[in-house]
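The values are calculated or read from the model by the stated rules, or taken from the named source; none is laboratory data. Nothing here was measured: the structure is a model prediction, and the numbers come from that model. Here Cβ is always computed from backbone atoms with ideal geometry, including for glycine, and neighbour counts include all displayed protein chains. Note: areas computed on protein heavy atoms with side chains; ligands, DNA, RNA excluded. Shrake-Rupley method; radii C 1.70, N 1.55, O 1.52, S 1.80 Å.
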Amino acid sequence: MSDALHVMMLTGEYPPARGGVGDYTALLSSHLRRQGAQVTVVTEGNQGLPDRDGGSDGPSVLRVMRDWGFASWLRLASTVDRCCPRILQIQYQAAAYAMHPAVNLLPLYLRLRAPKVKLVTTFHDLRVPYLFPKAGPLRPASLRALDALSHATVVTNGADLEELGGLGERGPEGVAKRWLIPIGSNLDCAPPADFDRARWRRQIGADDDTLTVSYFGFMNDSKGVEFLVQALGLLAGRGLRWRLLIVGGEAGESDPTNRSYSQRIVRLIKSRRLEDRLYWTGFVTGEQVSAALLSSDLCALPFRDGVSLRRGSLLAALVHGLPIVTTFPQHPDPSLVDGENVTMVERDSPSALADAIERLWLDPAARERLASGARALGRHFQWRDIAARHLRMYETLLERDR
């Protein structure tokens with residue numbers, strides 16, 4: 001890929017703002033840079049940070065967007081005119097754009113305003129934007145419009161690909177419209193150089209005979225954390241000694257509903273008088289997150305909508321080689337095998353979750369088997385490969401105009 005390739009990333013969040021989409025964009029952009037592309041990130045300018053050049057690894061960052069309404073189209077078009085990218089890639093998650101539908105129709109405007117730029121959309125999930133009360137079918141239609149108006153679409157998992165209609169075909173070349181490119185872990189398995197597992201466990205009041213369950217990721221209603229709290233309450237009633245290690249902060253900065261949900265979880269913990277069994281790290285460095293995860297005996301991710309490879313918290317648990325207890329997916333993924341690299345239980349079921357956690361705690365061999373399977377699966381989601389697949393997609397789009 002030539003150094004001349006210029007990719008512009010549009011994202012509703014970007015570090016230091018906390019959020020999975022921002023972390024994903026930063027990692028992808030850095031790895032694209034390492035493989036020869038020029039990358040410019042365009043994001044919000046309300047974070048009080050100047051524009052900057054990313055140096056040898058990172059992208060250039062332009063914090064020029066003021067909001068995500070329809071007026072943002074003109075500001076973005078002016079930035080495109082100034083930077084002249086060949087590719088503009090929208091990192092789409094409705095909450096990151098304040099649930100505003102303007103971004104869904106943005107490709108239509110840019111096709112007219114900047115016809116030489118190829119437009120790509122990455123769907124981090126298929127959550128629909130807010131339009132107006134009783135918008136009904138117009139909401140999913142706005143999602144379909146974003147897919148249809150983009151020159152190419154990236155989805156991160158097979159279930160989302162199926163929901164959008166499969167790979168699709170575009171034009172006589174027979175080139176797929178949609179590309180399945182997985183995410184990678186936003187967190188490396190890289191604890192501090194002096195990491196001592198026993199010492200880290202002592203900090204949270206856990207000895208070798210205390211089951212330590214980790215939960216990683218921001219909180220929202222789809223994560224099922226209430227069922228984990230209820231399950232651990234059942235285990236306390238059975239006389240099991242345990243600690244719950246919640247790794248990371250309560251909420252990201254894009255979705256305001258996350259904070260109210262996390263506050264509800266805190267109230268639930270207090271109502272069951274489980275505060276003394278809980279340790280919440282808060283926002284800490286990547287090394288500290290890695291150390292905390294490695295200090296746990298297993299990771300519980302009871303997603304209400306089922307396990308999916310679009311979940312960054314799952315990818316982090318895989319690369320850390322943790323035994324993972326999660327929930328059966330709505331759409332099975334052949335990569336995720338119950339009993340081999342994860343343990344799956346019924347969704348929204350505290351009793352099923354409690355039984356699985358207790359069963360694994362009493363079976364060290366089963367935990368080691370899951371840990372080995374998790375590490376093996378995690379090796380399939382390397383950022384250098386993810387970036388290379390994006391470059392192949394860009395090349396395919398640009399070849400059509402040659």
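Kindly provide the helix-only [θ] at 222 nm of the chain, computed as the sum of -39,500 (n - 2.57) over DSSP H runs of four or more divided by all residues, to the nearest 500 deg cm²/dmol? List each step's numbers first, then the result.
Numbers: 13 runs with 155 residues, N = 402.
So the calculated ellipticity at 222 nm is -12000 deg cm²/dmol.
Simple spin-label model, 7 Å along Cα-to-Cβ: C84 to R34 in nm?
3.0 nm
Roughly what % of DSSP beta bridges within the chain run antiparallel, to the nearest 5?
Values: 4 of 50 bridges.
So the antiparallel bridges in the chain amount to around 10 percent.
Using alpha-carbon pairs under 8 Å, 6+ residues apart, how would you state the relative contact order of the chain in percent? Write out the running numbers ahead of the final one.
Working: 764 pairs, mean separation 58.8, N = 402.
The normalised contact order for the chain reaches 15 percent.
With a 1.4 Å probe and every protein chain left in place, work out the accessible area per residue of the chain in Å², rounded to a whole number. Numbers along the way, then the final one.
Details: 17100 Å² over 402 residues.
Accessible area per residue, the chain: 43 Å².
With the cut-off at 1.5 for a/c, could you classify the range 146-251 from its C-alpha gyration tensor as rounded, prolate or oblate? Present the calculation step by step, with values, prior to reporting the outcome.
Values: a/c = 4.01, a/b = 2.30, b/c = 1.74.
Here the range 146-251 falls in the prolate category.
For the chain, report the translational diffusion coefficient in µm²/s to the nearest whole number, using Stokes-Einstein at 20 °C, 1.002 mPa s, and a Kirkwood Rh over Cα pairs.
Numbers: Rh = 22.2 Å.
Translational diffusion coefficient: 97 µm²/s.
Which percent of the accessible heavy-atom area of the range 320-374 goes to carbon and sulfur, probe 1.4 angstrom? Write out the running numbers ahead of the final one.
Numbers: 1190 of 2410 Å².
Using a 1.4 Å probe with all protein chains present, the range 320-374 comes out at 50 percent carbon and sulfur.
For the range 351-402, what is the convex hull (Cα atoms) projected area averaged across all directions, in square nanometres?
Values: hull surface 23.1 nm².
Over every viewing direction, the Cα hull of the range 351-402 projects on average to 5.8 nm².
Give the shape of the range 53-121 as rounded, prolate or oblate, defined through the alpha-carbon gyration tensor: a ≥ b ≥ c are the square roots of its eigenvalues, a/c under 1.5 means rounded, and otherwise the shape is prolate if a/b is larger than b/c and oblate if not. Walk me through the intermediate numbers first.
On the way: a/c = 1.64, a/b = 1.21, b/c = 1.36.
Since a/c reaches 1.5 but b/c is at least a/b, the shape of the range 53-121 is classed as oblate.
Where in the range 330-353 does the amide nitrogen come within less than 12 Å of the point 7 Å from the Cα of L268, taken along Cα to Cβ?
Answer for this model: 348-351.
Could you order peptides 329-342, 232-245 by the average number of other Cβ atoms within 10 Å of their residues, highest first? Walk me through the numbers on the way to the answer.
Values: 329-342: 15.4, 232-245: 17.0.
Order by mean packing, descending: 232-245, 329-342.
Sort R277, R82 by heavy-atom solvent-accessible area, probe 1.4 angstrom, most to least. Please report the intermediate quantities before stating the final value.
Working: R277 60, R82 150 Å².
Sorted by accessible area, descending: R82, R277.
Counting only other residues whose beta carbon sits under 10 Å from that of F123, what net charge do I get with K and R as +1, D and E as -1? Mind showing how you got there, number by number?
Details: positive: R127, R178, R310; negative: D125, D147, D160, E163.
Residues near F123 contribute -1 overall.
What nm value, rounded to one decimal, do you get for the distance between V64 and R389 when each label is placed 7 Å out toward the C-beta?
Output for this residue pair reads 3.1 nm.
FRET efficiency for L398 and R304, Cβ-Cβ distance as r, R0 = 45 Å, nearest 0.05? Could the numbers behind the result be given before it?
Numbers: r = 41 Å, r/R0 = 0.90.
For R0 = 45 Å, the calculated efficiency reads 0.65.
Along the positive direction of the dipole of the chain (beta-carbon charges: Lys, Arg +1; Asp, Glu -1; about the Cα centre), which of M344, L314, G158 reaches farthest?
Working it through, the farthest residue towards the positive pole turns out to be G158.
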